[in-house]
Amino acid sequence: MAGEYADLEFGLVYDKAQDAFDVSLRFTGVDTVDWPEHPSDLLRLDLPALLELLDDEDAYAEALSRMVFGSAEISRFYEKAMAAAHTAPIHVRLHIDGPSRFHAIRWELLRDPVTGLPIATNSTVLFSRYLSGSDWRPVPVRKAGDPVALAVIAAPSDLAEYAPGGRELAPVDRKGECDRAKKALAGYRTEVLPNASLNAVVERLQDADDPIDVLYLVAHGALTDDVPLLFLETADGKADPVDARRLVEAFQHLERKPTLAMLMSCRSAGTASTDHGALAALGPRLAAAGIAAVVAMQGDVTMSSAQTFAERFFAEFADDGVVDRAAAVARSGIRDRPDWWVPVLFSRLRSGRTYYRTEVGGETWGSLALMMRTGRFTPVLGPGFADGIVGSRIEIARRWARRWQMPIAPAGRGNFAQVAQYLRVGRSPGEVRAFLIDYLMSDLRDRRRRADPADLIAQVPQHLLDAAEPEPVILELGRLLRESDPDEPYRAAATLPVKVYVTTGWTDLLQQALRANDQPKTPTTLCFPWNDSVEQVDPRTLEPPTVVKPWVYHLFGRLDNPDSVVLTEDDHFEWLTAWIDQRPSIPPAVSASLMKNSLMFLGYRLDDWDFRVVFQGIKSFGGSSRLRANSHVGVQVRPESQTIEPEAAQRYLESYFGEDRVSLFWAATRDFLSELRANAAGAP
C-alpha cells in the first residue's frame with residue numbers, strides 16, 4: 001500500500017562511554033521504497049558551544065547544522081532522501097534516545113545543508129521529535145468524534161514567594177488565559193478546571209464516562225537539576241511546585257489518557273513567557289507516561305506567537321487528527337517571527353494520526369453483501385466477542401502480571417499468551433489452565449459482590465456463583481445481556497446466514513445465541529484436535545452444515561474441557577504443528593469455508609497471537625492462493641497495541657501477509673456487525 005507521506009527518520013542513541021550518538025538513518029518513500037543506513041562515525045554535539053549561542057538564533061542554527069551535517073554520510077543520505085521524496089510531503093522525525101539535556105537542544109532550528117533554510121519551515125516537511133521505547137505502555141488511538149478539551153490554568157495566589165533560579169514568577173491572569181484557551185479550542189467542547197491542583201486534574205481525567213481528548217495546560221515552570229518543576233495549585237489556591245516525576249507517576253496510572261497535551265508557559269506582564277522553555281522538558285516524560293503527542297514551548301515566546309500557533313494548530317488538528325501536519329501548518333503561520341521555532345512537537349505516532357475513522361468503502365460493503373447473499377463468507381470470531389461478559393484478555397493478562405509480579409515490560413503485560421507463558425514456567429500446563437478457571441470464577445463472584453441491583457450480573461442465580469465452573473455463569477450472563485441489548489455481538493452474529501462459524505472463543509455463547517435466535521437454529525459443536533484431550537470426530541458421520549443447522553468449529557479449545565484450551569505461547573506453537581499434522585481430521589466443510597469464502601475476522605486485535613496464528617494456519621492450507629480471490633475483513637476491537645495507527649497497521653499486515661487482501665475496520669465489533677447487517681439488508 002502506498003503511503004501518503006514519505007518518511008525520513010534520524011535515530012540517535014547515546015553512547016555514554018563515548019559521550020556521542022550512534023546514528024541510524026531510514027527513508028521510506030511513498031512507493032514503499034525502504035533505505036536504511038548506519039553511518040560509521042559517531043555524532044558529537046557540543047552542548048557548551050550551543051549554550052553560548054542561545055541569544056543568537058542564526059549562529060545557534062548554523063552551529064547545530066554544522067554538527068549534524070558535518071558528517072558526510074548524514075548529509076549525503078539527507079540530500080538523497082529529499083531528492084527521492086521530490087514534491088511529496090515528507091515526515092522528518094528526530095528520534096533521540098539519550099539524556100534529557102539533549103532534548104533541550106533547539107532541533108527545530110536545524111537547517112537544510114543545501115539551501116541553508118530551516119527544515120522545519122519547509123512547506124513539504126512535517127517535523128517532529130519521535131519518541132518510542134519497548135518499555136512504554138501502548139497508546140490507544142481514539143475513534144473520531146466530538147473532541148473534549150480540559151483547560152487547566154494554574155494561577156497560584158502566592159507566586160511572589162517563589163523565585164526558582166533567582167527568577168521571579170509573575171502573577172497569572174487567570175481570566176485572560178482562560179479566554180485565550182477557549183479561543184484556541186473553539187472547535188472543541190472545552191471545560192475549564194476550577195482548581196488547578198494535581199488531584200483535581202487527575203480526578204477529572206479519570207472520569208471514564210466523559211473522557212478528555214486534549215489537555216491544555218498553562219502554568220509556570222522551572223528546571224531543577226534537569227527535572228522540570230510545574231507550579232500547580234493546592235486545594236486552597238496556593239502554589240504547589242510539582243516535580244515532573246510526581247506528575248508522570250500520576251498520569252501513568254490513568255486508565256484512559258488524553259491523546260494530546262499542549263503545555264503553554266505563563267506570559268509575564270501580558271507579553272511573553274519567561275520560563276526559558278522549562279515546560280518543554282516535560283514533553284518526553286509525558287509521552288513516556290502514555291500521552292501520544294505533546295506540544296510544548298522550548299523557549300520564551302510572545303503572547304501573539306503562542307496564540308496564533310495554538311489557534312491554527314487546533315483548527316487543523318480538529319480537521320483530520322494528524323498532529324504532525326497540524327504543527328507544520330501552525331508553525332507556517334508564525335514562520336516570519338523570531339520565535340517561530342519555540343513550539344516543539346513530541347510524538348509517539350509514526351503516521352501522526354491520533355484518531356481513526358470507521359468508514360468502510362461502498363465497494364467493500366457491496367462485496368460482503370454479495371458474499372452473504374450467496375453464502376460465500378465465513379466469520380472467524382475472536383475473544384473480543386466475550387469482552388462484555390468475561391472481560392478482555394488484555395485485562396486478564398494485566399491482572400495476572402500484577403498478581404504474580406511478573407518482570408514483563410509494561411508494553412507486554414497485556415499480551416495474554418506471553419503472560420500465560422511466564423506463568424507456565426515451573427508449572428504444569430494443567431496448573432495454568434486451573435489458574436484460568438479459578439480466575440474467571442473469582443472475578444465473576446467479585447463482580448457480583450460489587451454490583452448494583454440494576455447490573456445484569458446481580459440477576460445471576462446465586463447457586464451458579466457458588467459452583468466451581470464458570471461456564472454456567474458466563475452463559476447466564478450472556479443470555480441476560482442478549483435479551484437486554486439487540487446489538488450484542490453474539491446475538492448479531494447469530495442472525496447471519498452462515499453454515500460454518502469458526503471461533504477461537506472458549507465458550508458456548510455463540511451456540512446459545514443461535515438457539516435463541518428469532519428463527520432458532522440448531523448448531524453442531526466441533527473442536528480442532530490440537531492435543532490428546534480433544535476427541536477426534538469422523539467427518540463422515542456428521543450431517544452437512546446448513547444455515548439452519550450450522551457448525552461451530554472451535555480452534556482453541558473450550559472451557560468445559562480445560563486441557564483443550566490454547567493459552568501459552570508454547571500452546572500456540574504446538575497448535576500450529578498440530579494444524580499441519582492433523583489436517584486430515586479437519587472436516588472438508590470447514591476447510592472449504594476457510595479457503596473458498598470471504599473471511600470476516602471479528603473480535604480480534606490484529607497483533608494478537610490468536611489472529612496471527614490462525615491466519616498463518618489458514619494460509620498454510622494447500623492451494624491457499626484461493627485466499628487472494630476474496631476480500632478479507634479484519635476488525636480490531638481495541639486498537640491498543642504498539643502498532644497503534646491505522647496506516648501503520650495496514651502496512652504491517654500487508655507486509656506480513658504478502659498479497660492477501662486485508663481491509664481494516666477500526667471500530668467495536670458491535671458497530672461493524674450493525675453496519676454489515678444494515679448494508680446487507682439494503683443491498684439489491
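The values are calculated or read from the model by the stated rules, or taken from the named source; none is laboratory data. All of these numbers come straight from a predicted model, not from anything done at the bench. Counting neighbours? That spans all protein chains shown, and the Cβs are built from the backbone with ideal geometry, glycine included.
Tabulated data
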{"read-out": "Residue tally, condition small (Gly, Ala, Ser), under 23 Å from the mean Cα position of the chain (by Cα) and modelled with pLDDT under 90, over the stretch 1-32", "value": "3"}
{"read-out": "Pairs, first in the same structural domain as residue 219 (by TED's automatic domain parsing) in the stretch 182-203, second in a loop (DSSP other than H, G, I, E, B) and exposed (fewer than 14 other Cβ atoms within 10 Å of the Cβ), C-beta under 7 Å, six or more apart", "value": "189/146; 195/235; 197/235"}
{"read-out": "Flag if residue 419 is part of a helix (DSSP H, G or I), within 24 Å of the chain's Cα centre (by Cα) and either under 21 Å from residue 488 (Cβ atoms) or β-branched (Val, Ile, Thr) (or both)", "value": "yes"}
{"read-out": "Filter result for the condition that a residue is in the same structural domain as residue 589 (by TED's automatic domain parsing), crowded, with 16+ Cβ neighbours inside 10 Å, at pLDDT below 90 and not in a helix (DSSP H, G or I), over 414, 375", "value": "414"}
{"read-out": "The lone exception for residue 251 - which of (1) at pLDDT 90 or above; (2) of a type in the set (A, V, I, L, M, F, W, C); (3) surrounded by 13 or more Cβ atoms within 10 Å (Cβ to Cβ) it fails", "value": "(1)"}
{"read-out": "Near pairs, Cβ below 8 angstrom, 6+ apart or cross-chain, from the stretch 327-347 (polar (S, T, N, Q)) to any residue that is part of a helix (DSSP H, G or I)", "value": "332/121; 347/287; 347/323; 347/324"}
{"read-out": "Scope the stretch 185-205; condition among the polar types (S, T, N, Q) and in contact with a Lys or Arg (Cβ under 8 Å, 6 or more places away or on another chain); matching residues", "value": "190"}
{"read-out": "Cross-chain or 6+ apart pairs with Cβ under 7 Å, the stretch 59-72 first and touching a residue at least 12 places away in the same chain (Cβ under 8 Å), then surrounded by fewer than 15 Cβ atoms within 10 Å (Cβ to Cβ)", "value": "60/54; 63/49; 67/46; 71/41"}
{"read-out": "Every residue from the stretch 144-188 that is hydrophobic (A, V, I, L, M, F, W, C) and part of a helix (DSSP H, G or I)", "value": "159, 160, 178, 181, 184"}
{"read-out": "For residue 521: the one exception among (1) surrounded by fewer than 20 Cβ atoms within 10 Å (Cβ to Cβ); (2) touching a Phe, Trp or Tyr at 6+ places or on another chain (Cβ under 8 Å); (3) under 24 Å from residue 493 (Cα atoms)", "value": "(2)"}
{"read-out": "Residues of the stretch 236-248 satisfying the condition of being crowded, with 19+ Cβ neighbours inside 10 Å and assigned to a loop (DSSP other than H, G, I, E, B)", "value": "none"}
{"read-out": "Residue selected from the stretch 428-478 under the condition assigned to a helix (DSSP H, G or I) and acidic (Asp, Glu), by the criterion nearest to residue 566 (Cα to Cα)", "value": "431"}
{"read-out": "Residue match in the stretch 583-600 (condition: out of contact with any helix residue (DSSP H, G or I) (no Cβ under 9 Å at 6 or more places or on another chain), assigned by TED's automatic domain parsing to the domain that holds residue 423, over 29 Å from residue 496 (Cα atoms) and not basic (Lys, Arg))", "value": "no"}
{"read-out": "Residue check for residue 481: within 18 Å of residue 506 (Cβ to Cβ), touching an Asp or Glu at 6+ places or on another chain (Cβ under 6 Å), part of a helix (DSSP H, G or I) and in contact (Cβ under 8 Å) with a residue 24 or more places away in the chain", "value": "yes"}
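Here is a yes/no grid of residues against (1) modelled with pLDDT under 95; (2) in a loop (DSSP other than H, G, I, E, B); (3) closer than 21 Å to residue 385 by Cα:
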| position | (1), (2), (3) |
| --- | --- |
| 493 | yes, no, yes |
| 496 | yes, yes, yes |
| 501 | no, no, yes |
| 506 | no, yes, yes |
| 521 | no, yes, yes |
| 536 | yes, yes, no |
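To keep it simple, each residue is scored yes or no on (1) surrounded by fewer than 18 Cβ atoms within 10 Å (Cβ to Cβ); (2) of a type outside the set (Asp, Glu); (3) within 34 Å of the chain's Cα centre (by Cα).
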| site | (1), (2), (3) |
| --- | --- |
| 516 | yes, yes, no |
| 528 | no, yes, yes |
| 562 | no, yes, yes |
| 577 | yes, yes, yes |
| 585 | yes, yes, no |
| 595 | no, yes, yes |
| 599 | no, yes, yes |
| 606 | no, yes, yes |
| 620 | yes, yes, yes |
